[in-house]
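The structure appears right after this line, and notes come after that.
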Amino acid sequence: MSLLDIDERLVDLADWIEFDRSPLTDIKHCGSCDVGLIEGGLSNQENLHVLQEFRQQCKIVVAVGACAINGGIPAMRNNHSLADCLRESYLTAPGTVNPQIPDDPEIPKLLSKVHPIQDAIKVDYFLPGCPPSADTIWYFLTELLAGREPLIQGSALRYD
Amino acid sequence: MTQSSNKITIDGRAVCFQPGQTIMEAATEASVYIPHLCHHPDYPPHGSCKVCTVKVDGRYLASCSEKAVDGMEVQNNCKDLKDLRRSITQLLFVDGNHYCPSCERSGNCQLQAIGYALEMQENHYTQLFPTRKVDASHPDIILDPDRCILCGLCVRASEAEGKNLFKIGGRGQNSYLSVCSDSGLLGDSSISVNDKAAQICPVGAILIRGEGFHIPIGERLYDHQQITSVGNCRPRYNHSTSNLTERKKREGPEHSKPINLTTGKHTNGK
Ligand code: SF4
Ligand code: FES
């Protein structure tokens, strides 16, 4: 969603690219694409399927943001067992009403740990930042479109 | 046989040294920056992080612990070393749990700054996700071992202060930082915010409560400047009282001048 921060430059971008699956288009499956930008860590079974689909369909896969790159804040649950996390969130947390651990079959099963996406698929590029700034995203995409290898450096390189 | 002239070269530049000095010490005196994390001029070398690796006659050496020898030709700036140091930094990152967005030292952290300087885009290696426990037992100081890089600076600083508050136990991958108190907790030790040992941590493992956000994220030392040009400076506060409320009142600009950790001198904040 930080892609939207590039503001009016989105219009320029739209001249060069075509959106496939994205939070903007609400398309459920990823078609054949040149570039797949993935944000967020790998934390449940559905994430895993989506990642595999992206890898199959996209020529270039980019991990966007701290969570995709190293698991980020959600990976701080890795210090605890999944059972403890669920117990604390749904059963014992102060103010819990009608305590129960959600078990609807529609809800994707959580993995025991949160992983960087490159634990599951090959990642071609990394776009660090939490989130990466609009200028960094813009630089990255225009470099890629120009057929160059983007490298984030100087004060554009941020892990926070 | 030529007479010894006590000179080495670093990337071709002649640098003098006093007999007994390490390559790092000679470089620092000549204002040549060699990346480092566990080195501190006030304490004996620890040689643990290896970020200071240089190349001498085709061999890789830790410049903080290797003595300068007359005629040495030291390579410090080359692609080969940058790649190697980046890999070493990535190993330090995956060895702990380093989530910069959640860390109050972000922007003032030397590990992060070294990552920036080496253009490290990601961790590369498989993260180990070790399970370590935060020690919040002390009223003024927090120990978060998730971020500890086992540089041993708190150990050495505390030894020099005669308190011996920290030790590194275990071996190799099972090494860990321990607090020397009966319970193993910081709250039962004699550490105080005025101790060097409480202030020296290059990462966010030892934090002093209540001062983490004095300088907002985005305005911190390494947010706009590289560690290669400003070195290991970090704003320091005068902890002449351990009472936090009192301290907050006292903290003015004169207490937040960055101190160059390499020379110990105040810098101009630039
Ligand atoms: S707590 Fe900080 S100073 Fe002490 S060994 Fe760990 S990283 Fe070094
Ligand atoms: S600075 Fe030399 S090994 Fe750490």
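The values are calculated or read from the model by the stated rules, or taken from the named source; none is laboratory data. Computed from a prediction, not measured in an experiment: that's the story for all the values here. Positions of Cβ are backbone-derived with ideal geometry, glycine not excepted, and every protein chain shown enters the neighbour counts.
Within the range A:52-71, is there a residue that is in contact with a strand residue (DSSP E or B) (Cβ under 7 Å, 6 or more places away or on another chain) and assigned to a loop (DSSP other than H, G, I, E, B)?
yes
Filter the range B:34-63 down to residues that are more than 12 Å from ligand 2 (Cβ to nearest atom) and either modelled with pLDDT of 95 or more or farther than 15 Å from B:ILE8 by Cβ (or both), then give me how many there are. Lay out the reasoning, then the answer.
Just the residues of the range B:34-63 that are more than 12 Å from ligand 2 (Cβ to nearest atom), to begin with: B:42, B:55-59.
Remaining after also requiring either modelled with pLDDT of 95 or more or farther than 15 Å from B:ILE8 by Cβ (or both): B:42, B:55-56, B:58-59.
Final tally of qualifying residues: 5.
Is it fair to say A:THR136 is more than 13 Å from chain B (Cβ to nearest Cβ) and either surrounded by 13 or more Cβ atoms within 10 Å (Cβ to Cβ) or at pLDDT 95 or above (or both)? Give the derivation first.
Values: more than 13 Å from chain B (Cβ to nearest Cβ): no; either surrounded by 13 or more Cβ atoms within 10 Å (Cβ to Cβ) or at pLDDT 95 or above (or both): yes.
It is false that A:THR136 is more than 13 Å from chain B (Cβ to nearest Cβ) and either surrounded by 13 or more Cβ atoms within 10 Å (Cβ to Cβ) or at pLDDT 95 or above (or both).
Among the residues of the range B:176-188, which ones are in contact (Cβ under 8 Å) with a residue 24 or more places away in the chain, more than 18 Å from the chain's Cα centre (by Cα) and within 13 Å of ligand 1 (Cβ to nearest atom)?
Selection gives B:VAL179, B:LEU186.
Filter the range B:114-143 for residues that are of a type in the set (Asp, Glu) and within 12 Å of chain A (Cβ to nearest Cβ); which is nearest to B:TYR99 (Cα to Cα)? Break it down stepwise before answering.
Within the range B:114-143, the first condition is being of a type in the set (Asp, Glu), and the residues that meet it are B:119, B:122, B:135, B:140.
Filter once more, keeping what is within 12 Å of chain A (Cβ to nearest Cβ): B:119, B:122.
Working: B:GLU119: 17, B:GLU122: 12 Å.
That would be B:GLU122.
Please find, within the range B:51-69, the residue that is farthest from ligand 1 (Cβ to nearest atom) out of those that are buried (at least 20 other Cβ atoms within 10 Å of the Cβ) and outside any strand (DSSP E or B).
It comes out as B:ALA68.
Would the range B:87-97 turn up any residue that is outside any helix (DSSP H, G or I) and at pLDDT 95 or above?
Step one: of the range B:87-97, the residues outside any helix (DSSP H, G or I) are B:96-97.
Narrowing further to those that are at pLDDT 95 or above: B:96-97.
Yes, the range B:87-97 contains a residue that is outside any helix (DSSP H, G or I) and at pLDDT 95 or above.
Which members of the range B:144-154 meet the condition of being more than 6 Å from ligand 1 (Cβ to nearest atom) and away from chain A (no Cβ under 14 Å)? Step through it out loud before you land on a result.
Residues of the range B:144-154 that are more than 6 Å from ligand 1 (Cβ to nearest atom), as a first pass: B:144-147.
Within the range B:144-154, no residue meets the criteria.
Between A:SER112, A:SER81, which is of a type in the set (Ser, Thr, Tyr) and farther than 30 Å from A:GLN56 by Cα? So that I can check it myself, show each step before the final result.
Details: A:SER112 fails: farther than 30 Å from A:GLN56 by Cα.
Within the list A:SER112, A:SER81, the selection yields A:SER81.
Which condition number in (1) within 30 Å of B:ILE217 (Cα to Cα); (2) in contact with a helix residue (DSSP H, G or I) (Cβ under 8 Å, 6 or more places away or on another chain) is the one that B:SER63 fails?
Tallying (1) within 30 Å of B:ILE217 (Cα to Cα); (2) in contact with a helix residue (DSSP H, G or I) (Cβ under 8 Å, 6 or more places away or on another chain), B:SER63 fails exactly one: (1).
Which of the residues that make up the range B:83-104 are touching a Gly at 6+ places or on another chain (Cβ under 9 Å), facing chain A (nearest Cβ under 10 Å) and not polar (S, T, N, Q)?
B:PHE93, B:HIS98, B:TYR99, B:CYS100, B:PRO101, B:CYS103
So for the range B:195-202 (the condition being more than 10 Å from ligand 1 (Cβ to nearest atom), under 18 Å from the mean Cα position of the chain (by Cα) and surrounded by fewer than 22 Cβ atoms within 10 Å (Cβ to Cβ)), does at least one residue qualify?
Here is the first cut: in the range B:195-202, the residues more than 10 Å from ligand 1 (Cβ to nearest atom) are B:195-196.
Remaining after also requiring under 18 Å from the mean Cα position of the chain (by Cα): B:195-196.
Keeping just the survivors that are surrounded by fewer than 22 Cβ atoms within 10 Å (Cβ to Cβ) gives B:195-196.
Yes; the residues of the range B:195-202 include at least one that is more than 10 Å from ligand 1 (Cβ to nearest atom), under 18 Å from the mean Cα position of the chain (by Cα) and surrounded by fewer than 22 Cβ atoms within 10 Å (Cβ to Cβ).
Just a yes or no: is a residue in the range A:24-37 out of contact with any Lys or Arg (no Cβ under 7 Å at 6 or more places or on another chain), farther than 24 Å from B:HIS98 by Cα and surrounded by 21 or more Cβ atoms within 10 Å (Cβ to Cβ)?
Yes, the conditions are met somewhere in the range A:24-37.
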